[in-house]
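Worksheet for the structure shown next.
The values are calculated or read from the model by the stated rules, or taken from the named source; none is laboratory data. Note that the structure is predicted; figures quoted are calculated from it, not measured. We place every Cβ from the backbone using ideal geometry, glycine too, and count neighbours over all the protein chains shown. Side chains included, ligands, DNA and RNA excluded: accessible areas come from the protein's heavy atoms. Shrake-Rupley method; radii C 1.70, N 1.55, O 1.52, S 1.80 Å.
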Amino acid sequence: MGNNISVVTDPAVAALSLHQHAVALAPAALHQGIGKSNVARTITTSIAALTVLWTVKDLIHDARQARWIRRQGVPEQSLRRRRWWLFGLHRYLLGHMLETKPAFVGDRRGPELMPLLHGEEGIDGWDRPGVEPLIFLSRFVLGAPKIIVADPKALHTVFSANSYRFVKTPIGVRLVGMATGDAGLVVVQGEVHKRHRRIINPLFSMKMLKPLVPAMLTSLDEFYALADQSTSTSAPLPFHDLSSDLTLNVIGRTAMNYDLDALSPQGSRVSRAYRKAVDALKISMWLMLTLQFPNTFGRIPSRKMANFWREMGVVDEAIKDMLRNAAMDPDGPTLIHELLRQNAGNALSEHELMCEIRTFLAAGHETTSSTLASCVLLLAQYPEIQQELLEELETVDDLTDYDMLSKLPRLNAIINETSRLFPAVFITFRDVGEGGATIPTTALGPLELPKGFRIEVPIRGIHCDPHIWGPDALTWNPWRWDSIDLVHGLTELPAQRVVDGRRQIGQYDFMPFLAGPRACIGRQFAVMELRLFVAGIVKRYKLSTDVPIGGEELQCAITMRMTNAWVRFERRDTP
């Protein structure tokens, strides 16, 4: 057309055209003497139009997806906050993020999801009394829809039967990838994940792990030396921090053949750099914006991110040295040696190898330390269970006898119960991959989900569900495991939860390490650490605390961890 105006139905294309038109006009405008301020105003207007139109496009797309899900019978979480502000647009701007029951994040999110999942209260569009939907629709920022799913039939499809059709979310991949690298096992997808897992899986066999017990106990001895110093003052120690230092030392010795010296006041250069880098990844609104919009907000330089990449540079240089040293010792005993042996055909590139070592460093200590801190604090809160565990441990003379240690019922029950009530991985997300997907559900039949649709799995909510665990589900009770059958083939709701006095728990009722091909590959490594450290600490120290039962403070970010595990360590024998 003569006036250079055309009708464009796609808002994104229209906005892009506006932006390109403004950029094209800028040189001519300056040449014709139009002021710089007018050019800047034109460019700013085009960028604002791009932003608005792109947002409108997303809103329309999300609204259509939500209507499609609702038409299939999925109920939606109702808005409890009735206060109208921003002309009622808060629902579309913030979704259910400001709801107090349940809020989007927080330590109570898991338990408070249960009434919604069981159709008892707080949902719209469910009129089938006595039937549990086990799935509902919720809204995120700008009204973006997602479904919260606790139905074992659906979870079997998402995690196991068709796991590679449900991919890690882009934000999660970017956030975790900052610590692990963009090619580590935790973040890679599809065929790449299969290739990595095939190479890494042998590293975590019991044949490989048992020889690492002495190295783990060496790190425990270092903690003993620190804790012994506190017995004279009876001052509680911040075990929520010390547990992280302990497991970081373990992963350094067993995975990387490197002494990180994290328990000493100064630490090593690598451990100091790693700690500073991790501090920069604490969840904030700005960090989430940079992850959500990597090509706009993510490109804005900041001192915090500059510090992060500088410290990770120190870690990466150390990892290169570790790989070079491991290559010169092909028969070495640690995980980095075995990784190179398994990669003899160079299936993984040097960059991929570095990312896997970074993954060992990040994922290999943080989740274990969270569970360990919870175990120790809870044992300090429950002296009768601590005493019962001590009596059981008297049958074990040497902690290096791991076969015997692994069979102790009370020790295993304590670890299982802590992992149930305070799972480090308390929530996980998946996006539907290419082509969309159909998932089976117990109450609704097949549910069709479009590409990109988000699924939230409330792991802690499932672990705290009274319908699964009984009326005392929110109580830490290791004795419950004396009458539990873990039925790993149970992928549907059981006809009876209690059979012959024993509670039937399926593989999607208890998921501290997730399930299926993307389950935690280091599960046996983590459980070995927990058994060794809980046993060693209780044998050596009487634990006590001023933190009351129920007074645990939880921080929910990438993982869930206690932040007030203040514990006194009193020697049981005279040093």
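Observations
- Centre separation in Å (Cα based) which lies between segment 416-490 and segment 183-262: 27 Å
- Among beta bridges identified by DSSP and lying wholly in the chain, the antiparallel ones come to about 75 percent.
- In this label model, ASP127 and VAL52 are separated by 4.1 nm, measuring between points 7 Å along each Cα→Cβ vector.
- For Cα Rg over 2.2 N^0.38 Å, calculated from these coordinates, the label among (1) 1.00; (2) 1.07; (3) 1.15: (2)
- Where a label projected 7 Å from the Cα of SER234 along Cα→Cβ would reach, residues of segment 528-548 with amide N under 12 Å: none
- Area projected by the alpha carbon convex hull of segment 435-532, averaged over all directions, nm²: 8.4 nm²
- Here the extension length gained between SER264 and VAL314 equals 16.1 nm, from 0.36 nm per residue of separation less the Cα-Cα distance.
- If R0 is 25 Å, the Cβ-Cβ spacing of ARG198 and THR218 corresponds to a FRET efficiency of close to 0.20.
- Phi angles of segment 506-514 translate, via the Karplus equation with coefficients 6.51, -1.76, 1.60 and θ = phi - 60°, into HN-Hα couplings of x, 5, 9, 9, 9, 9, x, 10, 6 Hz per residue; Gly and Pro are given as x.
- Cβ-derived FRET efficiency at R0 41 Å, VAL498 paired with ALA225, nearest 0.05: 0.30
- Computed from the alpha carbon atoms alone, the convex hull of segment 268-342 holds 123 Å³ per residue.
- Backbone geometry of segment 529-538 corresponds, through the Karplus equation with coefficients 6.51, -1.76 and 1.60 at θ = phi - 60°, to 3J(HN,Hα) couplings of 4, 4, 4, 5, 6, 5, 5, x, 5, 5 Hz, x marking Gly and Pro.
- Counting only protein heavy atoms and a 1.4 Å probe, the chain has 47 square angstrom of accessible area per residue.
- The amide H of TYR258, built 1.01 Å from its N in the peptide plane, has ARG253 as neighbours under 5 Å, considering only residues 5 or more places off or on other chains.
- Taking amide H positions as modeled 1.01 Å from N, with prolines and chain starts lacking one, the residues under 5 Å from THR428 and 5 or more places away or on another chain are VAL457, ILE459.
- For segment 134-149, 3J(HN,Hα) per residue [Karplus equation, 6.51 cos²θ - 1.76 cosθ + 1.60, θ = phi - 60°, Hz, x = Gly/Pro]: 6, 7, 8, 8, 9, 10, 10, 4, 6, x, 4, x, 8, 10, 9, 10
- Qualifying lysines (Cα of each under 29 Å from Cα of LYS542; at least 8 residues distant if same chain): LYS210, LYS407
- Protein heavy-atom surface of the chain, 1.4 angstrom probe: 57% of the accessible area is carbon and sulfur, with nucleic acids and ligands not counted.
- Of the residues PHE140, SER163, ASN346, the one whose Cα sits farthest toward the positive end of the charge dipole of the chain, with +1 on the Cβ of Lys and Arg and -1 on the Cβ of Asp and Glu, is PHE140.
- Per-residue SASA entry for GLU492, accessible area with 1.4 Å probe, Å² rounded to 10: 100 Å²
- With q set to 0.15, 0.20, 0.24, 0.29 Å⁻¹, the log10 of I(q)/I(0) for segment 210-274, from the Debye formula over equal scatterers at the Cα positions, is -0.47, -0.78, -1.03, -1.30.
- Applying 0.36 nm per residue to the separation of ASP573 and GLU394 and subtracting their alpha-carbon distance, the gain on full extension is 63.1 nm.
- A cut-off of 5 Å between modelled amide H atoms, ignoring neighbours fewer than 5 places along the same chain, links LEU447 with ILE439, THR441.
- The alpha-carbon atoms of segment 214-332, seen along their principal axes, cover 52, 45, 20 angstrom, with the largest extent given first.
- For segment 329-401: rounded, prolate or oblate by the Cα gyration tensor [a/c cutoff 1.5]: oblate
- Label-point gap, in nm, between PHE293 and THR44 - each point 7 angstrom along Cα→Cβ: 1.6 nm
- Between GLN387 and SER37, full extension at 0.36 nm per residue minus the direct alpha carbon distance yields a gain of 118.4 nm.
- Simple spin-label estimate for LYS276 and ALA519 in nanometres, 7 Å along Cα-Cβ: 4.0 nm
- Counting only Cα atoms, the size of segment 138-236 along its three principal axes is 56, 38, 30 Å, in decreasing order.
- Beyond 29 Å in Cα-Cα separation lie the following of the pairs LYS146/LYS320; LYS282/LYS539; LYS101/LYS168; LYS194/LYS276: LYS146/LYS320; LYS282/LYS539; LYS194/LYS276.
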